[in-house]
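Working notes, beginning with the structure itself.
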Amino acid sequence: MSILEVKNVSKTYKGRRSRSPIEAVKDFSFTVDAGEIVGFVGPNGAGKSTMLKMITGLANPTSGQILIDGHDISKERIKALSSVGTIIENPDLYLDWTGENNLRYLFDLQNATKASKAEREAIIEKALKLVGLYDRRQDVARKYSLGMKQRLGIAQALLNKPSLLILDEPTNGLDPEGIKGIRDILIHLATTYHMAILVSSHLLAEMQLMCNRFIIIDKGRKISDMTADEIGKTAGPVMVLSTDNVALAIGVLSEKFNIKAKAADGKLEFSTDLPSGEIMKELILSGVTVNELTVKKNSLEDVFIRSTHGRDGMKEIFPDLAQKEEE
C-alpha cells in the first residue's frame, strides 16, 4: 500500500528581474509504501530539498499532485500532514529542558485530538523507548550527545503516530555508533510498525545498508528508481582479478572474451555476465597466474556517479581519470 504518492509534480520559481523561470523539480513521480525505507539521493542543488518541502507542506507544487494516506496535500492539508513525522537535519530542542519535557511541550502544541494526560504520557513513554532514551528521559537535553539529540528528534517525529516519516540528513555529524543507532531505529520502525520512511542523505554507503529502494534526482528530474537488488546488478557484475601477469591477462581477456579490463588499485577490473569459472580456466590455460578472482557488486555510489555524471562527468571531477584510462 502506497502511503506517499507523488504524481507528475513540478515546481517552478520565478526568475529575478530579466532571468528566466527556474524549474527546480520537473514532472517528478514516485511512491513510498508501508514498511519501506526509500533513499532519496542527488547532488547538491538537484531539487531534493524542494521536493521534501513540497511533501511536508512548506512549499506548493506548481503542478502535479501529492497524496499522503490518500489525502491531497493541496486540498486536505491538515489531514495529509497529520500522517507525517519529519526531521530536517537537526531537531529543534529546548536544551535546558529534559528529554521528556521537550516531548510533552511538542505533544501539547499538536494535540488536536485533546488526548488525556495519561494518554499523553503513554505515547511519550513509548516514543522514548523506541529510540532508546527512556532511561535518560529526565536528563536535560544539553547533556545529550549529538546522536541522542537526533534520537530525541525522531521521538518528536513519532508523537503523532505517523504513517510516513521523512528525514533529511538524520546522521549528519554522527560517529559510527550514532549512525548505526539511527539505522537500527529506522529499520525497526519500518519492519515492526510498517512505517513508510523517506530518507535523504549524502552518506551513500550508509543508505545502502538501510534502504530497500533508491530514488536518484538530478537537475530536478528523476534519474532512476531502483531496489537494493537492482543496484548490485546494474551494468552486470564487476570482476576483480589479482594477477602477477597484468599485461598477459589483459590480452587474454580481450582476445578470448572481447573484454576490456582496466587497472584499479593494483588489480584488474572488468564487467561481464560470463561465469567466473570459465574466465579463470581460460586465463590459467593461457599461462596467467590467477592469485584471486572475485565478483564485486555495484554500490549505490557507483550507480550514483554513473547516473548523475557518466564517464565524461567523472573525468571533469577527477581530471587524472582520463590519463589513467589512456595508460
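The values are calculated or read from the model by the stated rules, or taken from the named source; none is laboratory data. Everything numeric here is computed off the predicted structure, so don't read it as measured data. Cβ sites come from the backbone with ideal geometry, for glycine too, and all protein chains shown count toward neighbours. Just the protein is used for accessible areas: all its heavy atoms, side chains included, with ligands, DNA and RNA removed. Shrake-Rupley method; radii C 1.70, N 1.55, O 1.52, S 1.80 Å.
Could you give me the residue pairs with C-beta distances under 7 Å whose first residue belongs to the range 76-90 and is open to solvent by 40 Å² or more (accessible area, probe 1.4 Å), whose second residue is part of a helix (DSSP H, G or I) wherever it lies, and which are 6+ apart or on separate chains?
These pairs meet every condition: T86/A157.
Checking the structure you have, find out if any residue of the range 134-151 is surrounded by 21 or more Cβ atoms within 10 Å (Cβ to Cβ), touching a Lys or Arg at 6+ places or on another chain (Cβ under 9 Å) and aliphatic (A, V, I, L, M).
No, the range 134-151 contains no residue that is surrounded by 21 or more Cβ atoms within 10 Å (Cβ to Cβ), touching a Lys or Arg at 6+ places or on another chain (Cβ under 9 Å) and aliphatic (A, V, I, L, M).
Can you confirm whether the range 171-181 contains a residue that is modelled with pLDDT of 95 or more and either farther than 20 Å from N90 by Cα or polar (S, T, N, Q) (or both)?
No, because not a single residue in the range 171-181 is modelled with pLDDT of 95 or more and either farther than 20 Å from N90 by Cα or polar (S, T, N, Q) (or both).
Return yes or no: is S10 open to solvent by 30 Å² or more (accessible area, probe 1.4 Å) and among the polar types (S, T, N, Q)?
Values: open to solvent by 30 Å² or more (accessible area, probe 1.4 Å): no; among the polar types (S, T, N, Q): yes.
When the stated conditions are applied, S10 does not pass them.
Restricting attention to helices (runs of 4 or more DSSP H) lying wholly within the range 1-116, give those where 3 or more residues are closer than 24 Å to L130 by Cβ and not aromatic (F, W, Y).
Because the criterion is at least 3 residues that are closer than 24 Å to L130 by Cβ and not aromatic (F, W, Y), the helices (runs of 4 or more DSSP H) in the range 1-116 that meet it are 99-109.
Can you confirm whether A59 is in contact with a Gly (Cβ under 9 Å, 6 or more places away or on another chain), at pLDDT below 95 and surrounded by 14 or more Cβ atoms within 10 Å (Cβ to Cβ)? I'd like the intermediate steps shown before the answer.
Numbers: in contact with a Gly (Cβ under 9 Å, 6 or more places away or on another chain): no; at pLDDT below 95: yes; surrounded by 14 or more Cβ atoms within 10 Å (Cβ to Cβ): yes.
Spelling it out, it is not the case that A59 is in contact with a Gly (Cβ under 9 Å, 6 or more places away or on another chain), at pLDDT below 95 and surrounded by 14 or more Cβ atoms within 10 Å (Cβ to Cβ).
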